Amino acid sequence: MRETVFMNLEAEGAARVPVVTQLTYEPDDPFAIGVCFELQEDIAVMWRIERDLLAQGLHRAIGDGDVRVAPQVVAGRREARIELAGCGLDGAWGCAVFSAWEPALRHFLDKTYEVVPPGQEEVDVDAFLTEVLAAG
């Protein structure tokens, strides 16, 4: 399942920058949402965000690691604030903050829960370990 949404990159001291973002969900990886930020025509950054963390972040601030999600209202518009922290290509630790229209994220999440309902997620651990060990 794939859906295109627009998110805004929150640049410190600057206007919001719209970013085309692809949300993906695969039933064989039922705990994660793929979020691909298309920063330029030939540059895209992919993150995997826990599905339930993203869903809970629509209602309350959550996350204490490299992904944090919280609800916010900007100019009367319900949004989710998504903070991603990590190491960049230059080796420096940084943080990027995106905002997404809450109804668009909720709609996508609702569709994922139709495909794999909460509590019915299953992962083939043996296949995963075989793949990891074969790659090593």
Using Cα atoms only, what is the angle between the long axis of helix 125-135 and the major principal axis of the chain, expressed in degrees (0 to 90) to the nearest 10?
80
Once phi for every residue in region 29-42 is put through the Karplus expression 6.51 cos²θ - 1.76 cosθ + 1.60 (θ = phi - 60°), the whole-Hz ³J(HN,Hα) values, with Gly and Pro written as x, are 10, x, 8, 10, 10, x, 10, 10, 8, 8, 6, 9, 4, 10
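As a test of the formula, what do you get for the chain when each DSSP H run with n ≥ 4 contributes -39,500 (n - 2.57) and the sum is divided by the residue count, at 222 nm and rounded to the nearest 500 deg cm²/dmol?
It comes out at -7000 deg cm²/dmol, rounded to the nearest 500.
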Can you give the angle from 0 to 90° between the axis of helix 102-115 and the longest principal axis of the chain, with both taken from C-alpha atoms, to the nearest 10?
10
Of Ala44, Ala75, Gln120, whose Cα points farthest to the positive end of the dipole of the chain (charges on the beta-carbon: +1 Lys, Arg; -1 Asp, Glu; origin at the Cα centre)?
Ala75
When only Cα pairs under 8 Å and 6 or more residues apart are kept, what is the percent relative contact order across the chain?
19
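Every number here is computed from the coordinates shown, using simple stated rules; none is lab data. Remember, predicted model here, so these are calculated numbers, not experimental data. Note that we place each Cβ from the backbone using ideal geometry, even for glycine, and neighbour counts take in every protein chain shown.
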